[in-house]
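Structure record follows, encoded as structure tokens.
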Amino acid sequence: MATSEPLFATRFPDEAAVAKANLLVAFVALGIGAFFGLIQALHRTDVLRIIDSADYYTLLTGHGVLLAIVFTIFSLAAVFHWATARSFERPAVSSLFSWAWFGLMTTGSILAAVAILGGLVPNLGISADVLFTFYAPLQAHPIFYIGLAMFIVGTWLSGADWFLSYRAWRKDNPNERIPLQGFMVLTTMIMWYISTLGVAVSVVFFLIPWSLGLIESVNPLLTRTLFWYFGHPIVYFWLMPAYLMWYTVLPKLAGGRLFSDPLARVVFVLFLLLSTPVGIHHQYVDPGIAEGFKFIAMTNTMFLLLPSLLTAFTTVASVEHGARQRGGEGYLRWLGALPWRDPAFTGMAFAGFIFAAGGFSGMINAGMNINYLIHNTLWVPGHFHMTVGTAVALTLMAGSYWLVPQLTGTKLYSRPIGLLQVVLWFVGIVFMSNAMHRAGLAGIPRRTAEPQYQNFDFVTPIGSIFELRVQIAFGGVLLFLSVVLFLFNMLLTAFGEESEKPVDASLPEPLSGPNGSPRVLDNLGMWTIIAAVLVVLAYTLPLAGIIQYGGGLFGGGLPVPVTVFPDVEIVKTVLEGVFAALAGVLL
């Protein structure tokens, strides 16, 4: 078992300051984005309308960008900066460099937010009503795209910061296994570097020149495909800090130890390999991509069930071990021995439960033939409000009850308020997501301020459309109240009195340690090359076909038949170049 550690803020004051700054930006984005979400939920259910329907799309874009990008990734940066310093037992190589990437990410976020909110003031001539999925043909103001580009570069630099810490650690520990939290950070960032290449190309080479008027048109299908090349792995980029907390912190809160370090490493390697080559499953209804490529994406997606199932097994086994250490007995009675009055534990446990339910609805999304039934309906936001909206968001909020006191040196203001907050979120998401899934099965569309059609009535097998609207509105209100309680608790914690009894920050050793696994798991270079090869195999043919038959790089061509394949000679040339480059890296 690990011994008690000194307070993190005392051991690493600079790293604690950077982590706190990231959490501050994340929490501000959470508050604004949650407020926008409340207005949307009340507007589209026709319960309360305080904005014009035209402005709904401005708030929808703000809700998606502020929560799904700013809140999640700034929270990730805080967790990863803490985990890197803690696991490698050393400060960042350069505090100035850490503040530089934080400043770049923050500046980019502010620019993007200004462009979005400018849509509420027509006289400004600035808007970005392009939703979270900011591909063409919808066009935003150049400031929006420039802000996004700055933000992405900032994330790249944050990863470089953590890799520099790893290099310094490796120099002093040439034969040691990579500490588990450090391993999780590094594999996640490798996945991020690979996946963000698509959105970087789309934004820098197409969307920014297009929005500035330097080019007349873009290829919408190409920008859409490049977005989804990035758009699915970002789901796992959101999830990885939650997984890090589930694997390393949740067992400790339960009173036990992680069941298996090797299984945790396998899960992160699998996400590195499998998360990027599946983005086309978001494009099942796109006519410009051959059905065969979509089928391959569907098959690859199903492989992602494996790391999720491994995570479910490992975390439940770890929590059960903790419960039994606390005196729990029986097949299920051990659940009663868990620390349900601890908001950090309860919030993470609820988040994991909702994520399991979201995984089942995700299987529907992944299947081609079933996906056609729920595509672009309320089923889809019902699904991702369970995954990123709860598995990620609730874990990050609950984890903050344990982490923030270590960063500030103050005690948590109120555990009862924290417990009420996580319970409110759980109840709110159950109401809202259940109703959204059922509304999707009834065909109610997503992404619209006016979800109805003339001379047509939606019908549900059970209940009524009115009941579903009430559930969505009620759930949205509970979620917003939960965010208000959370921010109130965090604010008073940050400015509260110093804790006489610092949080026990020690993390116990796993039941099965890293030495029981093959050392090849720590070969980051090899896994990076394999991940790159899988991406090349998954995307070379579809992208070649889109460019060849879809009007070139900048569009303007005729619609692409669904059965076309790119010219064999072009594909052969591309593949020869790719594999020659890979061979050069390997040799």
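With every protein chain kept in place and ligands, DNA and RNA left out, what is the accessible area per residue of the range 409-512? Probe 1.4 Å, answer in Å².
Numbers: 5520 Å² over 104 residues.
Computed with neighbouring chains in place, this is 53 Å² per residue.
When the scattering of the range 192-252 is computed by the Debye formula from its Cα atoms alone, each counted once and equally, what is log10 I(q)/I(0) at q = 0.21, 0.28 Å⁻¹?
-0.79, -1.05
Run through all the Cα pairs of the range 61-107 and give the fraction in each 10 Å bin from 0, expressed as whole percent.
In whole percents, the pair-distance histogram is 23, 47, 23, 6.
Restricting attention to the range 418-505, which GluC sites (Glu not before Pro) occupy a DSSP loop and are surrounded by at most 12 other Cβ atoms within 10 Å? Walk me through the numbers before you get to the answer.
Details: sites: Glu467, Glu497, Glu498, Glu500; in loops: Glu497, Glu500.
Those satisfying the criteria are Glu497, Glu500.
On alpha carbon coordinates alone, what is the Rg over Rh value for the range 356-490, Rh being the Kirkwood radius? Each step should come with its number before you reach the end.
Numbers: Rg = 17.4 Å, Rh = 16.2 Å.
Dividing the radius of gyration by the Kirkwood radius yields 1.07.
Report in % the part of the accessible area of the range 47-192 that belongs to carbon and sulfur, leaving out ligands and nucleic acids; probe 1.4 Å.
Values: 3400 of 5190 Å².
Accessible surface attributable to carbon and sulfur in the range 47-192 totals 65 percent.
On the protein heavy atoms, probe 1.4 angstrom, tell me the percent of accessible surface of the range 417-523 carried by carbon and sulfur.
Details: 3650 of 5670 Å².
Using a 1.4 Å probe with all protein chains present, the range 417-523 comes out at 64 percent carbon and sulfur.
Counting only protein heavy atoms, what percent of the accessible surface of the range 287-352 is carbon or sulfur at a 1.4 Å probe?
Carbon plus sulfur share of accessible area: 68 percent.
Before anything else, pin down the relative contact order of the chain: Cα pairs under 8 Å, at least 6 apart, normalised by residue count, whole percent. Don't skip to the answer; put the middle values down first.
On the way: 943 pairs, mean separation 110.4, N = 587.
Computed over the chain, the figure is 19 percent.
For the chain, give the magnitude of the charge dipole about the Cα centre (Cβ charges: +1 Lys/Arg, -1 Asp/Glu; no others), in debye to the nearest 20. Each step should come with its number before you reach the end.
Details: 28 positive and 30 negative charges, 168 e Å.
That gives the chain a dipole magnitude of about 800 debye.
For all pairs of alpha-carbon atoms in the range 226-312, what percent lies in each bin of width 5 Å, listed from the first bin to the last filled one?
The percentages, shortest bin first, are 3, 13, 22, 20, 14, 10, 8, 5, 3, 1, 0.
Leaving out ligands and nucleic acids, and using a 1.4 Å probe, what accessible area per residue does the range 179-263 come to in Å²? Walk me through the intermediate numbers first.
Numbers: 1970 Å² over 85 residues.
With all protein chains present, the range 179-263 gives 23 Å² per residue.
Please tell me the relative contact order of the range 126-258 in percent, rounded to the nearest whole number, where contacts are Cα pairs under 8 Å and at least six residues apart.
Values: 95 pairs, mean separation 41.5, N = 133.
Here the relative contact order equals 31 percent.
Once phi is turned into θ = phi - 60°, what whole-Hz ³J(HN,Hα) does the Karplus curve with 6.51, -1.76 and 1.60 give for every residue of the range 241-258, x standing for Gly and Pro?
Couplings: x, 5, 4, 4, 5, 5, 7, 10, 9, 4, x, 5, 5, 6, x, x, 9, 4 Hz.
Within a Cβ distance under 15 Å of Val47, other residues only, what is the Lys/Arg minus Asp/Glu net charge?
Values: positive: Arg44, Arg49, Arg469; negative: Asp46, Glu450, Glu467.
Neighbour charge sum, excluding Val47 itself: 0.
Round to a whole angstrom and tell me the spacing of the C-alpha centers of the range 60-95 and the range 302-378.
Cα centres, the range 60-95 to the range 302-378: 24 Å.
Taking just the alpha carbons, could you work out the radius of gyration and Dmax for the range 457-522, both in angstroms?
23.9, 62
Which whole-number percentage describes the relative contact order of the range 58-200, with Cα contacts under 8 Å and a sequence gap of 6 or more?
33
With every protein chain kept in place and ligands, DNA and RNA left out, what is the accessible area per residue of the range 296-396? Probe 1.4 Å, answer in Å². Could the numbers behind the result be given before it?
Details: 4390 Å² over 101 residues.
Averaged over the residues of the range 296-396, the accessible area is 43 Å².
Going by average Cβ density within 10 Å per residue, which order do the peptides 217-223, 312-318 take, highest to lowest? Could you put the intermediate results ahead of the total?
On the way: 217-223: 21.9, 312-318: 18.7.
Descending packing order for the listed peptides: 217-223, 312-318.
What chymotrypsin sites (Phe, Trp or Tyr not before Pro) in the range 421-520 are in a loop by DSSP, with at most 16 other Cβ atoms within 10 Å of the Cβ? Walk me through the numbers on the way to the answer.
Details: sites: Trp425, Phe426, Phe431, Tyr453, Phe456, Phe458, Phe466, Phe474, Phe480, Phe486, Phe488, Phe495; in loops: Tyr453, Phe456, Phe458, Phe495.
Qualifying residues, ordered by number: Tyr453, Phe456, Phe458, Phe495.
Quick one: Cα centre-to-centre distance for the range 429-484 and the range 144-207, in angstrom?
Measuring centre to centre over Cα atoms gives 38 Å.
Could you tell me which label, among [x] 27.7; [y] 24.5; [z] 35.8, carries the value of mean projected area of the Cα convex hull in nm² calculated for this structure?
Answer label, from the structure shown: [x].
The values are calculated or read from the model by the stated rules, or taken from the named source; none is laboratory data. These numbers were taken from a predicted model, which means no experiment stands behind them. All Cβ positions, glycine included, derive from the backbone under ideal geometry; neighbour counts span all protein chains shown. When the accessible area is computed, the model is the full protein with side chains, heavy atoms only, and any ligands, DNA or RNA have been set aside. Shrake-Rupley method; radii C 1.70, N 1.55, O 1.52, S 1.80 Å.
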